[in-house]
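The values are calculated or read from the model by the stated rules, or taken from the named source; none is laboratory data. Note that the structure is predicted; figures quoted are calculated from it, not measured. For neighbour counting, all protein chains shown are included, and Cβ atoms are generated from backbone atoms with ideal geometry for every residue, glycine included.
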Amino acid sequence: MSRLKGFLWFLALRLARATATLAICVTIVFVVLRSAGDPLASLLPDDTPPDVVEIYRERFGLDQSIWQQYLGYLQSVAHGDFGRSFVHHRDALAVVWERVPATLELGGLALIAAVLIGVPLGVLATFGRNTWVDRAAMSAAVFGYSLPNFFLAILLILWLSLSLRLLPSAGSDLPQHLIMPIIVLGAPAAAKIARFTRTSMVEVIGQPFMRAAAAKGVPTRPRLIGHAFPNAAIPVVTFLGFEIGAMIGGGVVTETIFAWPGLGRLLVQAVGQRDLAVVQTIVLMIAATMVCANLLVDLAYGWLDPRVRVGLRGTGK
Amino acid sequence: MTLLNRRHFMQGAVAVPLVLNTDFAFAQASADKRPPLVVAVAGLPATLEPARELSNVGTRVTYSMFDTLIRRDFLGTPDGGGSELKPHLATSWERKSPKELIVTLRPGVKFHNGDEMTADDVVYTFRDGRLRGAKPEIPEGRAYFGTLDTVEAIDKYTVRFTTKAPDVLLEQRLASWASWIVNKRHYESVGIDGFSRAPVGTGPYKLARMVANDFIALDAFDDYWMGKPSARSVTFRAIPELAARVAGLISGEYDLITNIPPDQISLLEGQKDVEARSVVLANVHLLTFDELGPLTKDKRIRQALSLSIDRRKLVDTLWLGKAVIPDSHNYPEYGQMFLEGRKIAFDPAKARALLKEAGYAGEPVVYRTMPNYYTNALDAAQIIVEMWKEVGINASVQVVENFNQMRAAGQQVGNNSNSTRLPDPLGALWVSWGPDSEFQKKKNWTTTTAFNEAGRALEAETDPAKRKELFKTMLDAWDDEAPGAILYRPLEIYGVKKSVKWRPTTFYFMDLRPDNLRFDQLP
């Protein structure tokens, strides 16, 4: 019973923290977007007559004081109403929600690709520590991490689409449209995962239990895979939690260049057009994703490391 | 057990490019032999309510889905800026008085939903509350139809338009981009927001599918009254990145791409199957001089700023010599209203004299501009500032993010563009700089007595000779007070497959009607 109570406290604290984080995010975005100037100046063409501007100002509720707008917005969000898009003339949540599958598809595949490449690369580097294998793997990782995504994206378009005519340049209607965005989005993530995996593995290898396993006569490969890797996985999992958010944030450039109809591209357009309700909804969604990802990471610790479970049990006593 | 050996692997690897590059559309091949047209654009309209999307992005698409009563014949002149009016959904129109126009409709015109277009649809399109009235559904409509008093159906194919005051431009308004005829029955059943996503017009292409900010797919409407469309479908695909649009055109994914900057022309011209097609837009880029700002409140300083700009050098440097320096706010498409012989002066000596007369002593002049809002804006600003330094003006560039920052207190020089909405001073200069404009409302330009008197007289005048004289007075007043300085009419550049026979117009319409789109047979 006390164990359950402890878990509920843990969960309640986490949820309270998550709610506070989301409220702070909404407030910051609300203030920043409005302090950047009159949204109608970005929304309407440069030669729109002032009387037309005033009709829109009243229609969008922008004639109210900033406090009235803010309190009204908080009240609406609490009721599940995220406002109406100035540009699309419909619910902001519906506009944003339409883009979620595309972002999840691209971000999810890029993350899977990053894990499938990054983890083996890191393990490989550990196997061949301080040899040419290690150096080659880590050089590839540094290269993948330091190449700016917009540069890599344009390079791939020029090479694979224009010169070799192997892949379509941009769009989303064919499966092969996914290949270049996955490479651009996944390369830096794979590089980071490889470096994390290697560092973590090297650290674990020096632990006493690894020496004990070696003394017991466990061969190198099972020792690294069976003993070292599960222990080295914890920092990598933490990192993956952050990377889920980065996939959405990093998608801003990738989705725009490859015309991928996801949240990142919508965010760029909505910020440019000062479509306030849409920007706020996306930021709220990204913040919620980060909060949930961190929660999942915390729970995954318990699954990966029995000591965390013991610790949790201990707090309940 | 079959193992993947090296030979199988290599065979597979060779096949990959072929599979990946296969046009999957073959699966949808139909008996329709007309080719599809794929247009890659920088952005798509958020809705398809045609009067709501009065922008270059919106009207490119809606022009193919809707028709106006009267059609402005842009392609009637070689420059793509013709202003002659031709029958379209209306077969004829007749002026009963300066305030009354009777329009006779073309019988047998079908909407995409099968309804016949009648006077009821026309009356519904121009009803009070949609494009006109105190707070209409589409406020932008007031700039075009604020003058309308009543619109009534006389019979099934005849409509009477009356205006509150004599309006010589009513026919041009009916040919403008706010005047697309909508289907009354469908509009009433789905409302403005439903219509915005599932519109029904009479145009050559009808909506097949729209995915916001991704693509808009149109199918040929074979019952189109001008004849069968030349393409079996038109897809507008949003490709914001220029490199991706250009790569897609060259590799054959797209037939036509938009928003090409001048420095890409040579790249396209070097290709075998594609070319650049450009048109000088019915729009001018200009500088604005704020009377509320320090220094620029003095007319002589404003005149000196304008006189010291070498526009030819700007055009040659930034636009490969292809942009046009207009004769003030005065364009050939005005027809008989066009004033011959006017030129914008470049006279550094006179500029220096005016500065001396104004007692200018090297006070700073700041030119605020956004970096990318207007093509070449930042490059132009840097060059202009150097030209000003040549005549002794202590000028600098300040990059701002938006118009709010540009127009914030302390503004001296900013920039803007003025479009020719209707081929007449009342549809251009008067809209951009008249009493209802932002510049006059916000007191950025107050020395307006002569300009406003002539403009108001022009609104009420119907005699062509007197109208021309009043226009001259307006233009003289604007040039003398110099609340701004015109730079040039910019280019709009398209990249097009050579096999696609299509001409651009000076406005942002993308005319894909059967008389302006055909495909050469592939060899």
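See the values below:
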item: Yes/no for A:Leu11 being over 30 Å from B:Thr288 (Cα atoms), in contact (Cβ under 8 Å) with a residue 60 or more places away in the chain and away from every other protein chain (no Cβ under 11 Å); result: no
item: Flag for B:Leu101 being modelled with pLDDT of 95 or more and under 22 Å from B:Gly427 (Cβ atoms); result: yes
item: Residues (more than 14 Å from chain A (Cβ to nearest Cβ) and assigned to a helix (DSSP H, G or I)) located in the range B:427-460; result: B:Thr449, B:Ala450, B:Phe451, B:Asn452, B:Glu453, B:Ala454, B:Gly455, B:Arg456, B:Ala457, B:Leu458, B:Glu459, B:Ala460
item: Candidate set: the range A:154-178, residues that are of a type outside the set (S, T, N, Q) and more than 8 Å from chain B (Cβ to nearest Cβ); chosen: the one surrounded by the most Cβ atoms within 10 Å (Cβ to Cβ); result: A:Leu160
item: Filter pass, A:Ala213 being touching a helix residue (DSSP H, G or I) at 6+ places or on another chain (Cβ under 9 Å), over 27 Å from A:Ser139 (Cβ atoms) and either free of Cβ contacts under 8 Å to residues at least 12 places away in the same chain or part of a helix (DSSP H, G or I) (or both); result: yes
item: Check on A:Gly83, over 27 Å from the mean Cα position of the chain (by Cα) and not assigned by TED's automatic domain parsing to the domain that holds A:Pro181; result: no
item: Verdict on A:Gly37 being over 21 Å from B:Gln405 (Cβ atoms) and either touching a helix residue (DSSP H, G or I) at 6+ places or on another chain (Cβ under 9 Å) or more than 14 Å from every other protein chain (Cβ to nearest Cβ) (or both); result: no
item: Which listed residue, of B:Val385, B:Val391, B:Val400, is within 14 Å of chain A (Cβ to nearest Cβ) and β-branched (Val, Ile, Thr); result: B:Val400
item: Selection count where residues are more than 9 Å from chain B (Cβ to nearest Cβ) and buried (at least 19 other Cβ atoms within 10 Å of the Cβ), scope the range A:247-259; result: 7
item: Qualifying residue in the range B:360-373 (condition: assigned to a strand (DSSP E or B), away from chain A (no Cβ under 14 Å) and surrounded by fewer than 20 Cβ atoms within 10 Å (Cβ to Cβ)); result: yes
item: Given (1) within 30 Å of B:Leu89 (Cα to Cα); (2) modelled with pLDDT of 95 or more, number of the condition B:Asp310 does not satisfy; result: (1)
item: Residue match in the range A:179-202 (condition: touching a residue at least 40 places away in the same chain (Cβ under 8 Å), within 14 Å of another protein chain (Cβ to nearest Cβ), surrounded by fewer than 21 Cβ atoms within 10 Å (Cβ to Cβ) and not aliphatic (A, V, I, L, M)); result: no
item: Filtered residue count, the range B:456-491, keeping only those that are surrounded by 22 or more Cβ atoms within 10 Å (Cβ to Cβ) and among the charged types (D, E, K, R); result: 1
item: Looking only at the range B:427-453, and only at residues there that are surrounded by 22 or more Cβ atoms within 10 Å (Cβ to Cβ) and of a type in the set (A, V, I, L, M), the one that is nearest to B:Asn56 (Cα to Cα); result: B:Ala428
item: Wholly within the range B:154-269, helices (runs of 4 or more DSSP H) carrying at least 1 residues that are within 12 Å of another protein chain (Cβ to nearest Cβ) and farther than 23 Å from B:Asp515 by Cβ; result: B:184-197, B:242-250, B:265-269
item: Scope the range A:73-97; condition surrounded by 14 or more Cβ atoms within 10 Å (Cβ to Cβ), without any contact (Cβ under 8 Å) to a residue 60 or more places away in the chain and not hydrophobic (A, V, I, L, M, F, W, C); matching residues; result: A:Ser76, A:Asp81, A:His89, A:Arg90, A:Asp91
item: Residue identified as surrounded by 15 or more Cβ atoms within 10 Å (Cβ to Cβ), modelled with pLDDT under 95 and either closer than 26 Å to B:Met226 by Cβ or not assigned by TED's automatic domain parsing to the domain that holds B:Tyr334 (or both) among B:Arg95, B:Arg130, B:Arg106, B:Arg160; result: B:Arg130
item: Contacts under 7 angstrom Cβ, first residue in the range A:42-63 being more than 7 Å from every other protein chain (Cβ to nearest Cβ) and within 22 Å of B:Pro435 (Cβ to Cβ), partner in a helix (DSSP H, G or I) and hydroxyl-bearing (Ser, Thr, Tyr), 6 or more apart; result: A:Leu44/A:Tyr56
item: Boolean, B:Pro136 is closer than 24 Å to B:Phe509 by Cα, in a loop (DSSP other than H, G, I, E, B) and within 14 Å of chain A (Cβ to nearest Cβ); result: no
item: Qualifying position, being buried (at least 16 other Cβ atoms within 10 Å of the Cβ), more than 17 Å from B:Asn283 (Cα to Cα), in the same structural domain as B:Leu475 (by TED's automatic domain parsing) and modelled with pLDDT under 95, among B:Met337, B:Met387; result: B:Met337
item: The listed residue being buried (at least 22 other Cβ atoms within 10 Å of the Cβ), among the basic types (Lys, Arg), within 25 Å of the chain's Cα centre (by Cα) and not assigned by TED's automatic domain parsing to the domain that holds B:Arg142, out of B:Arg503, B:Arg513, B:Arg421; result: B:Arg421
item: In the range B:49-71, residue surrounded by the most Cβ atoms within 10 Å (Cβ to Cβ) [restricted to those that are of a type in the set (A, V, I, L, M), part of a loop (DSSP other than H, G, I, E, B) and more than 11 Å from chain A (Cβ to nearest Cβ)]; result: B:Leu69
item: Members of the range B:245-274 that are more than 22 Å from the chain's Cα centre (by Cα) and either surrounded by fewer than 19 Cβ atoms within 10 Å (Cβ to Cβ) or free of Cβ contacts under 8 Å to residues at least 24 places away in the same chain (or both); result: B:Ala247, B:Ser251, B:Gly252, B:Ser266, B:Leu267, B:Glu269, B:Gly270, B:Gln271, B:Lys272, B:Asp273
item: Identity of the residue in the range A:116-148, crowded, with 19+ Cβ neighbours inside 10 Å and more than 20 Å from A:Thr220 (Cβ to Cβ), that ends up farthest from the other protein chains (Cβ to nearest Cβ); result: A:Ala141
item: In the range B:296-320, the residues that are of a type in the set (A, V, I, L, M), in a loop (DSSP other than H, G, I, E, B) and buried (at least 22 other Cβ atoms within 10 Å of the Cβ); result: B:Ile309
